[in-house]
Amino acid sequence: MCALTLQERMSQKVKEKSIEKSVELNNKLVLSTYNFSKLNLDKTTLSFLENKTIEIKKITNKAYTELGKLFFETSNLLSLNGYGCFEQWYTELGFKKQTVYNYINRYKMIVQRLDNQKTIESLPLKMVYEIAKENCDESLITKVLNLQITTYQDLIHEKNKFKNTEENAIELLDSNESIDYINIEKKYKNIKKILTKNNYENINQKKKQKIYEYIKKIELLLK
């Protein structure tokens, strides 16, 4: 991970101070993840367990946020001082790489999207880890934060649909298929979808050149 500039670190500190110390949750969203009805409980006991579930969620969320901040700061400090021992350090502590970066990415998402903190804190953890990945498409993040997607299964389904759209668009670059004017705009929009910052960086140089040539060709035809 690259070291942050002074300006980025100052901005980071301002945002960190804005993170709510006492986590506020969307209780209905939290409880929708669980199915307590199968326990055949009376209303009093059910209410008691739901309250305890919310309390546990608050405690664990606070811990995950603090861990994310700790790992994030440590990674930046080691990088700034030229040490490459971050992985060796957290491995020595017994943490796995995926776990550490799940914490870091979740923390960064909260800092960057403070207006959505309540929703992020209330979602199932594995959903947050998924949308906090650096290569997650912004449209999927928006759908989750707007509660258009509320389950992990639906998120993965939408992610796979988007991935298939990307792959189909890239395949156009390697084909000799003739393009008729009726479909030009549709294909143009499909290819544009893969040009988000994170996705574009993952494409090899040869395909980047094809993308550039292909879009230029389409833009000329659309004039």
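See the values below:
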| item | result |
| --- | --- |
| Set 80, 93, 49, 39: member being more than 23 Å from the chain's Cα centre (by Cα) and touching a residue at least 40 places away in the same chain (Cβ under 8 Å) | 80 |
| Residue 148 being part of a helix (DSSP H, G or I) and modelled with pLDDT of 85 or more | no |
| Residues satisfying the stated conditions in the stretch 113-150, i.e. over 11 Å from the mean Cα position of the chain (by Cα), surrounded by 15 or more Cβ atoms within 10 Å (Cβ to Cβ) and over 18 Å from residue 25 (Cβ atoms) | 143, 149 |
| Residues of the stretch 40-79 classified as out of contact with any helix residue (DSSP H, G or I) (no Cβ under 6 Å at 6 or more places or on another chain) and of a type in the set (Gly, Ala, Ser), total | 3 |
| Given (1) without any contact (Cβ under 8 Å) to a residue 40 or more places away in the chain; (2) closer than 24 Å to residue 140 by Cβ, number of the condition residue 108 does not satisfy | (1) |
| Among the residues listed as 122, 139, the single one being in contact with a helix residue (DSSP H, G or I) (Cβ under 6 Å, 6 or more places away or on another chain) and not acidic (Asp, Glu) | 122 |
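Residues checked against (1) at pLDDT below 90; (2) over 22 Å from residue 141 (Cβ atoms); (3) in a helix (DSSP H, G or I); (4) among the hydroxyl-bearing types (Ser, Thr, Tyr):
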{"residue": "16", "(1), (2), (3), (4)": "yes, no, yes, no"}
{"residue": "61", "(1), (2), (3), (4)": "no, no, yes, no"}
{"residue": "71", "(1), (2), (3), (4)": "no, no, yes, no"}
{"residue": "84", "(1), (2), (3), (4)": "yes, yes, no, no"}
{"residue": "104", "(1), (2), (3), (4)": "no, no, yes, no"}
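The values are calculated or read from the model by the stated rules, or taken from the named source; none is laboratory data. As the structure is a prediction and not an experimental result, all values here were calculated from the model. Neighbour counts are summed over all protein chains in view; Cβ atoms, including those assigned to glycine, are modelled from backbone coordinates with ideal geometry.
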